[in-house]
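Just below is one structure, and these are the notes that go with it.
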Amino acid sequence: MPHLPFAVHVIDRFNRNAYTREVEQHFRIRHDIYVVHRQWLDLARPDGREVDPFDTDDAIYLLGLEQGRGVVAGSRLIPTEKSNLFKNLFPHLAANGVPVGHEILEWTRFFVVPDLRGGQKSSLAAGIMLCAIQEFCLTRLKTALIVVCEDFWFDRLSALGWQPRRLGAPGRDGGAVIVGLQIRIDPEALECTREYYGIAGSCLWSGRPSERI
């Protein structure tokens, strides 16, 4: 089993003050990835931070922190009872309405910095983040995620045992085909993901914020 290059920290309204530097770093990385490289120019901001209307106190950030470097990967989860990207901006991707419930979270802004990506194959860094998302949701007794994503994610998540389900017909956003998915959270999906990436044990940081690397 490979040594994991970073752990994933859970950052929410209760501990965000301890992670101010990392949260700001992740906003700037998001800008580099989504605005500069992917050319999502409607997200551009003069301050070089990619922040949208859903980066509120309700947002939960899962950030991969590497020793001596800081943020190298991340993702965002939002309670579906609150305003979220799927419900507010892409409701047409769910034929019977966007799922809402205490046990369901919306998943957005998944990224890995370019030098840790795997080219044609999903990287270990991506696997760490995916395992961390399943782990976190299981510890919080969540049963599903909803997500608006590019269509290729359906096959990618199916291969990991996440049992994605399309909620409606595909749409287009710019030049990309996008879909609305509901994804299952369960221990079997976590174990399948760990096996796929050769990961043993938890990917979540278990120490205090003051002890972080």
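Charged neighbours of Pro5, selected by a Cβ distance under 12 Å, balance to -1 (K, R count +1; D, E count -1). Classification of segment 85-203 by its C-alpha gyration tensor yields an oblate form. The axis ratio a/c (a ≥ b ≥ c) is 1.5 or more, and b/c is at least a/b. Largest GNM mean-square fluctuation across His26, His37, His92, computed for the chain with C-alpha springs under 10 Å, falls on His37. Measuring with a 1.4 angstrom probe and ignoring ligands and nucleic acids, Glu195 comes out at about 150 Å² accessible. Sort segment 1-81 into rounded, prolate or oblate with this rule: let a ≥ b ≥ c be the square roots of the eigenvalues of the Cα gyration tensor; rounded if a/c is under 1.5, and if a/c is not under 1.5, prolate when a/b is larger than b/c, oblate otherwise. It comes out oblate by the Cα gyration axes. In terms of the mean number of neighbouring beta-carbon atoms within 10 Å, the peptides 176-182, 152-158 order highest first as 176-182, 152-158.
Where does the charge balance sit around Asp151 when Lys and Arg score +1, Asp and Glu -1, over other residues with C-beta under 15 Å from its C-beta? That sum, taken over residues with Cβ under 15 Å, equals +1. What a 1.4 Å probe finds exposed on the chain is 52% carbon and sulfur by accessible area, rounded to a whole percent.
Heavy-atom accessible area per residue, the chain, 1.4 Å probe: how many Å²? About 49 Å² of surface per residue is accessible.
The values are calculated or read from the model by the stated rules, or taken from the named source; none is laboratory data. Please read all numbers here as calculations on a predicted model, not as lab measurements. Don't worry about glycine lacking a Cβ; one is built from the backbone with ideal geometry, like all the others, and counts go over all protein chains shown. Heavy atoms of the whole protein, side chains included, go into the accessibility calculation; ligands, DNA and RNA do not. Shrake-Rupley method; radii C 1.70, N 1.55, O 1.52, S 1.80 Å.
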